[in-house]
Amino acid sequence: MSDVVRDFTADPLVWRPYITPVVFEQATAAQREALMETPSNTKISDYVLVLAHDPQSLGERTPLFNGIMYGRGGLPRAERELGATEASIVNRCIYCVSVHAARYIQLTKQQDVIRQVFAGDTSGLSARDQAIIAFAAKLSQCPPQATPTDAAALRAAGMSDAEIFDLVLSVAIFGWANRLMHVLGEPERPA
Amino acid sequence: MQTDIIAELAGAAAPVLAHRADLMAASLRNERAVIAPDDPGGLSHAERRAIARRIARLNGNEALAAHYAAEAPPTDTRWSAILRHVDLVTTHPKDATRNDIQALRAAGIAEPDIVRLSQLIAFMNYQVRVIAGLRAAVA
């Protein structure tokens, strides 16, 4: 187990499940239908095949997740990725962090923002990014700690109520995703 | 008719929900998928409501706990193992390891039911944050 990754990175990682993935050829009709929600042009991941043990939840969750992260209008996609990354840092889902930090960098070319977020020192970031990170970190606590003051900082940085709602959704959906990915498997460096 | 508990508890923030009405409808379908699924497997609807209620409480949301009114099943080895896992993943998700999945298996919980339980815990932690975030955002 020496190659399990325990530090934050934006490098590509491999997710190793603790649960036996469903074998596609042996999947039930309900499982196959739920698996159809995933892109057909890529190999179905072990993560999705593990979730196929509960096809109704998998089938409902995929469009919700995609709508929150990629839905048109509202909060810019990069800022949804930043909220998702901070939630994943609080919950220490190393795999989720790697994927969403990399997407943020791909969208913004701002590697330096991610470096500061990984280091836990956001004092060098823009007021808007600082407000996003603070709100995401507080909403990710149990019980959630985000307050109207944290929301006021977002609004002061130019965010509309609709955009704040999109940030709430992207942080909340990672309160969900992290509790699957980090709990049901672990990340490794690719061979 | 399923109550839209997010809308009900969002308070003053409710009007902003129209911005993502499709995602609120999808959230409701996801609630049904984990609380009252067509095929509950080895986790009954009553047990699911009891777990949901517990997670709402752990997150300090009594109004949401009331939405999942349920009597807790009698305590035995299996139920104790489930509650231990519910509490760990809700309150300290970062501390979860391979050993915690092994503990569920050792308590006789089959792999598909471990996934069902995981989706229920994870969904509830989404729902409490949508409500808490909305209440903070438009207070």
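No value in this document is a laboratory result; all are computed from the given coordinates. These numbers were taken from a predicted model, which means no experiment stands behind them. All Cβ positions, glycine included, derive from the backbone under ideal geometry; neighbour counts span all protein chains shown.
The table below lists the values:
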| item | result |
| --- | --- |
| The protein assembly as shown - Cys residues lacking any other Cys C-beta under 4.7 Å | A:C142 |
| Amide H contacts under 5 Å for A:R92, placed H, 5+ residues apart | none |
| Mean separation of Cα contacts under 8 Å, 6 or more apart, over the residue count of chain A: relative contact order % | 34 |
| Choice from B:L23, B:L58, B:L88 with maximal GNM fluctuation in chain B (Cα, 10 Å cutoff) | B:L23 |
| Interchain or long-range residues, amide H under 5 Å from A:R16's placed H | A:E186, A:E188 |
| Share of Cα-Cα pairs in the protein assembly as shown lying beyond 24 Å, as whole percent | 52 |
| Shape call, region B:1-89: gyration tensor on alpha carbons, a/c limit 1.5 | prolate |
| Added length on full extension, which subtracts the Cα-Cα distance from 0.36 nm per residue, A:Q141 to A:N66 | 24.6 nm |
| Folded to 0 to 90 degrees: helix B:45-58 orientation relative to chain B principal axis, Cα | 70 |
| Built amide H within the under 5 Å cut-off of A:V4, gap 5+ | none |
| Averaged over B:71-78, number of beta-carbon atoms from partner chains that fall within 10 Å | 0 |
| Kirkwood hydrodynamic radius (C-alpha pairs) into Stokes-Einstein, chain A, 37 °C and 0.692 mPa s, D in µm²/s | 188 |
| Ratio of the Cα radius of gyration of region A:77-181 to 2.2 N^0.38 Å, where N counts its residues | 0.96 |
| Qualifying aspartates and glutamates (Cα of each under 16 Å from Cα of A:K109; at least 8 residues distant if same chain) | A:D11, A:E79, A:E81, A:D129 |
| GNM result for chain B, Cα springs below 10 Å: residue of B:A72, B:A106, B:A36 fluctuating most strongly | B:A106 |
| Distance between modelled label sites at A:S126 and A:Q26, nm, 7 Å Cα→Cβ extension | 5.1 |
| Selected from B:V138, B:L43, B:A26, residue furthest toward positive end of dipole (chain B; charges at beta carbon) | B:V138 |
| In order through region B:35-41: 3J(HN,Hα) via Karplus (6.51 cos²θ - 1.76 cosθ + 1.60), integer Hz, x for Gly, Pro | 8, 9, x, 4, 10, x, x |
| Reach of A:K138 by Cα under 22 Å, taken over lysines that are not fewer than 8 positions away in the same chain | B:K94 |
| Cβ-placed point charges (K, R +1; D, E -1), dipole of chain B about Cα centre in debye, nearest 20 | 280 |
| Rounded to 10°, Cα long-axis angle of helix A:161-184 versus longest principal axis of chain A | 40 |
